[in-house]
Structure formats: C-alpha cells, structure tokens
Amino acid sequence: MPKKIDHEERKVIILKKALEIFARDGYRDSNLSSIAEECGLSRPTLYQYFKDKKEIYYYAVKLITGKMFTKYSQMAWDLSYGNSLDRLTWICCDIVDQAVESEGELQSLMDVMLQSKREHVDFSDIIMRRTAKLTILFKRLLNNGIKKGEISNNCDIEMVSRHLFTLLEAFCFQIAFLGNFSASDSKVFISTYLDFFRIK
C-alpha cells in the first residue's frame, strides 16, 4: 500500500529548504530545480506545490501571519486577559516572544527580503497586505478601550497603531540581525508606552 503523503507538511518542508537556499544563494540565483533537488523531489512534483519562487515566499508570509492572526483575533476579545489595553499589551509582547522563538525563520525571511530588494524584487506589498489585519486589530482594541473608559480620549488610534506596528517591525529586524536584542527590555518598552494612555 503506498504511503499517504501529508501535503501541508511537504509544503512546509519545501518552504524551509527554499528559504535556506534563498539565503545561501540569493533569491535571483536560486531556482526551483535546486530547491526540488535539495528536497529530494522531482521538479514536476515541486510544481504541484509552488509555481515559482515568489509563490514560495508568499506562502511563507501567509503561513506565519495566518497562524498569528488566528491566535490573536481569538484572544483579543477574551476578557480573561484583562481590559482592552492589557490584551493589546499581551498581544504585542507575545509577538516579540514568538519572533525570538522563530529567530532562524525570521532571519531567513528577512535575508530573502533584503537580497530581493537589491535584485529589484520587492516583497513589501505582500507583507503589508498580510499584516494589515494586525493594525486593524490594534485599532479595534484601542477604540474599544476608549469606549469603555479604559483608555484616554487623547489616544490617537491611527498614530498609536502605527507606532506599535513600527516598533514590532523594528524589534523583528533586531531579533534577526542584532545579537544584543533584549526581549524583556522591549516588552517593558511596549508596556510603558501603552500605559501612557491608560486611565488610572
């Protein structure tokens, strides 16, 4: 009896190997043939999963952001995590923890982004589309907190959401490329920043 193939698991294996190859050989110089060979697959088999390199990268971003949004959209309204500002703080701090835990994958993704940019392939549009939901979630939590009297009316929802997203981007960059990143200091910074808008 033939062995049953877990297609999602195989896609993840292909993805991880492709990111290693992109980081090692450069996005432009890597190709589907070398990815297939290093995965122990034929090129036609690889084509069953991904039509090109861009689709592989998009799948990586989609996989990471999809898991993240499912988790955070569920807990964003779970009152056991406290009020709106507490939940927002928890989400941002958890993103930092997840980024630290996935440092290798994060570094590969960013390596590919930087190399691709030099080769005039820009993935920023894909990243922005996939992470827009996170900014919307931040805005909804801030708005909810203002309505419930937990967050000051002085809180500019658009600006604070943008600040949080920019901070998290900067932290992810530091995690991927700098050896002196302190997750605890970063989480204290997020908490202190958000506490400024808390109604005492």
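Here are some notes:
- Counting only residues at least eight positions apart within a chain, or on another chain, the lysines with an alpha carbon under 20 Å from that of Lys133 are Lys62, Lys67, Lys71.
- Globularity index of the chain is 1.19 (Cα radius of gyration / 2.2 N^0.38 Å, N = number of residues).
- The value obtained for the stretch 110-190, namely the Cα convex hull volume divided by the number of residues, is 101 Å³ per residue.
- The mean sequence distance of close C-alpha pairs (under 8 Å, at least 6 residues apart), as a share of the length of the stretch 100-200, puts its relative contact order at 36 percent.
- Portion, in percent, of the accessible area of the stretch 68-160 that falls on carbon or sulfur, probe 1.4 Å: 52
- Cα centroid separation - the stretch 125-164 against the stretch 17-75, whole Å: 31
- Distance (nanometres) between label positions extended 7 Å along Cα→Cβ at Lys67 and Val188: 3.0
- Taking label points 7 Å from Cα along the Cα-to-Cβ direction, Phe173 and Leu114 give a separation of 1.1 nm.
- In nm, spacing of pseudo-spin labels at Asp156 and Glu103 (7 Å Cα→C-beta vector): 3.6
- Computed over the chain, relative contact order equals 25 percent, with contacts defined as Cα pairs under 8 Å that lie 6+ residues apart.
- Set of the stretch 29-60 residues, backbone N closer than 12 Å to the point 7 Å along the Cα-Cβ line of His7: 48-50
- Highest-MSF residue in the chain out of Thr65, Thr131, Thr166 [GNM, Cα springs under 10 Å]: Thr166
- Mean accessible surface per residue for the stretch 1-62, computed with a 1.4 Å probe while every protein chain stays in place, in Å²: 63
- Rounded if a/c under 1.5, otherwise prolate or oblate - the stretch 24-139, Cα gyration tensor axes: prolate
- Cα-centred dipole magnitude for the chain, charges only on beta-carbon of K, R (+1) and D, E (-1), debye, nearest 20: 640
The values are calculated or read from the model by the stated rules, or taken from the named source; none is laboratory data. Since the structure is predicted, the reported quantities are computational estimates derived from the model, not experimental observations. Please note: Cβ atoms are built from the backbone with ideal geometry, for glycine as well, and neighbour counts cover all protein chains shown. Ligands, DNA and RNA are stripped out before the accessible areas are found, and what is left, the full protein with its side chains, is counted by its heavy atoms. Shrake-Rupley method; radii C 1.70, N 1.55, O 1.52, S 1.80 Å.
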